[in-house]
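These notes are about the structure you will find just below.
The values are calculated or read from the model by the stated rules, or taken from the named source; none is laboratory data. As the structure is a prediction and not an experimental result, all values here were calculated from the model. All Cβ positions, glycine included, derive from the backbone under ideal geometry; neighbour counts span all protein chains shown. The area values use the complete protein model at the heavy-atom level, side chains included, leaving out ligands, DNA and RNA. Shrake-Rupley method; radii C 1.70, N 1.55, O 1.52, S 1.80 Å.
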Amino acid sequence: MKNLFSVLRSDDVSDDLIQVIETIVDASKEIAFRVRQGALAGVLGSTQDENIQGETQKHLDIISNQLLKDLLLACPLVAAIASEEEDTAVAGNDAGKYLVAFDPLDGSSNIDINGQIGTIFSIYRALDLIPHSSELQFQQQGTHQVCAGYVLYGPSTLLAITTGKGTRCFTLDSTQGNFLLTADLIQLAAQTQEFAINMSNARFWNEDMRAYIDDLVLGEIGPRGKRFNMRWNAAMVGDVHRVLTRSGIFLYPSDSRNAKQPAKLRLLYEANPMAMLIENAGGKAFSESQRILDIQPQQLHERVAVILGSADEVDECLSYLLR
């Protein structure tokens, strides 16, 4: 089997970018070890603190964030980092060429039940003439990403990654410590009969989104004329991995619970990297009004609605919302 770095070199990825990716991979291996240890390492449970998002932090959130932060800031090629767990952007090295944004541990609510969790990351080129500590460094459209991926911690540790030349999946060989290629140039089926959404929020969606989901639930007796299954992991990283593995559509629509914060998922740490992965696998990724990768970020922790997956089904959903 081919290992991660030989595949990246065959894609003509620069040595500098490979070094940044290697740093993220090294951190993920340590996180994977901590996840496997669980209660034995005393990393389960919640702290008394909240992050900048107003969410209660888990012990493993803090550990994962610190591991990534320390390793990335020690990498001479990293100009700055941004994390879901950090209030602001953090400057790295003066001569750094790259920016790294990450959600250190997506799916925190699954930690204590041994459910699916993962690390999501995104890499951009640093901008000239802007201080590395400035949030303006990260106000780049998702189309400017040079690499995106996630590490899924489960029965096996998996890395899904793209540098713009297709989406691939690698599995960690824990005996050798290498990520080996196990799914090359993933392609989503254009059509699907599987969707992932948090149905408990249905009463807060707009009428058009409710109408779309209602028609999926009606299955073969409804206007869609075919049966749909629903699968929901309560962790974006797990739900998107299932979509990459067997196609489908993942949705986290806007809702009316909080007028000041109508969406949940973060553009920089979640939506953009997942959109790049999905598009490089032949799928589509939209907010409720535009392609996610075309959105111009306005702030570091900006949130957006997310609809991504099999291309024809994303189009079908948008036809309900934009009619």
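Do we find a residue being polar (S, T, N, Q) and either within 17 Å of residue 82 (Cα to Cα) or modelled with pLDDT of 55 or more (or both) anywhere in region 32-43? Yes; the residues of region 32-43 include at least one that is polar (S, T, N, Q) and either within 17 Å of residue 82 (Cα to Cα) or modelled with pLDDT of 55 or more (or both). Taken over region 197-223, the residue count meeting the criterion of being free of Cβ contacts under 8 Å to residues at least 60 places away in the same chain and either of a type in the set (A, V, I, L, M, F, W, C) or touching a Leu at 6+ places or on another chain (Cβ under 7 Å) (or both) is 10.
Let's see how each residue does on (1) touching a Leu at 6+ places or on another chain (Cβ under 7 Å); (2) modelled with pLDDT under 95:
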{"site": "130", "(1), (2)": "yes, no"}
{"site": "134", "(1), (2)": "no, no"}
{"site": "142", "(1), (2)": "yes, no"}
{"site": "149", "(1), (2)": "yes, no"}
{"site": "154", "(1), (2)": "no, yes"}
{"site": "167", "(1), (2)": "yes, no"}
{"site": "170", "(1), (2)": "yes, no"}
{"site": "179", "(1), (2)": "yes, no"}
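Residue under question is residue 141, and the condition is that it be of a type outside the set (Asp, Glu), open to solvent by 30 Å² or more (accessible area, probe 1.4 Å), touching a residue at least 24 places away in the same chain (Cβ under 8 Å) and touching a Phe, Trp or Tyr at 6+ places or on another chain (Cβ under 7 Å); does it hold? Considered against the rule, which asks whether it is of a type outside the set (Asp, Glu), open to solvent by 30 Å² or more (accessible area, probe 1.4 Å), touching a residue at least 24 places away in the same chain (Cβ under 8 Å) and touching a Phe, Trp or Tyr at 6+ places or on another chain (Cβ under 7 Å), residue 141 comes out as no. Of 92, 149, 96, all but one fail to be out of contact with any helix residue (DSSP H, G or I) (no Cβ under 8 Å at 6 or more places or on another chain) and crowded, with 16+ Cβ neighbours inside 10 Å; the exception is 96. In summary, strands (runs of 3 or more DSSP E) completely within region 247-323 and bearing 3 or more residues that are open to solvent by less than 10 Å² (accessible area, probe 1.4 Å) occur at 249-252, 306-309. Listed by first and then second residue, the pairs linking a residue in region 161-174 that is more than 12 Å from residue 11 (Cα to Cα) to a residue that is part of a strand (DSSP E or B) and among the polar types (S, T, N, Q), with Cβ atoms under 6 Å apart and 6 or more places separating them unless they lie on different chains, are 169/182; 171/182; 172/157. Of all residues being in contact (Cβ under 8 Å) with a residue 12 or more places away in the chain and over 21 Å from the mean Cα position of the chain (by Cα) in region 176-185, which is least open to solvent (accessible area, probe 1.4 Å)? Just the residue, please. The residue in question is 177. Candidates 71, 67, 60: the one that is open to solvent by less than 30 Å² (accessible area, probe 1.4 Å), outside any strand (DSSP E or B) and not hydroxyl-bearing (Ser, Thr, Tyr) is 60. Against the criterion of being of a type in the set (Val, Ile, Thr) and without any contact (Cβ under 8 Å) to a residue 40 or more places away in the chain, residue 130 qualifies. The residues on offer are 87, 112, and the sole one that is open to solvent by 10 Å² or more (accessible area, probe 1.4 Å), charged (D, E, K, R), out of contact with any Gly (no Cβ under 9 Å at 6 or more places or on another chain) and under 20 Å from residue 64 (Cα atoms) is 87.
From the residues in region 266-323 that are closer than 25 Å to residue 82 by Cα and aromatic (Phe, Trp, Tyr), which one is nearest to the chain's Cα centre (by Cα)? The selected residue is 269. Among the residues making up region 186-232, a single one is assigned to a loop (DSSP other than H, G, I, E, B), open to solvent by 20 Å² or more (accessible area, probe 1.4 Å), small (Gly, Ala, Ser) and touching a helix residue (DSSP H, G or I) at 6+ places or on another chain (Cβ under 7 Å): 190. Checking each residue in region 226-261 for being within 19 Å of residue 313 (Cβ to Cβ) and over 18 Å from the mean Cα position of the chain (by Cα) picks out 226, 227, 228, 229, 230.
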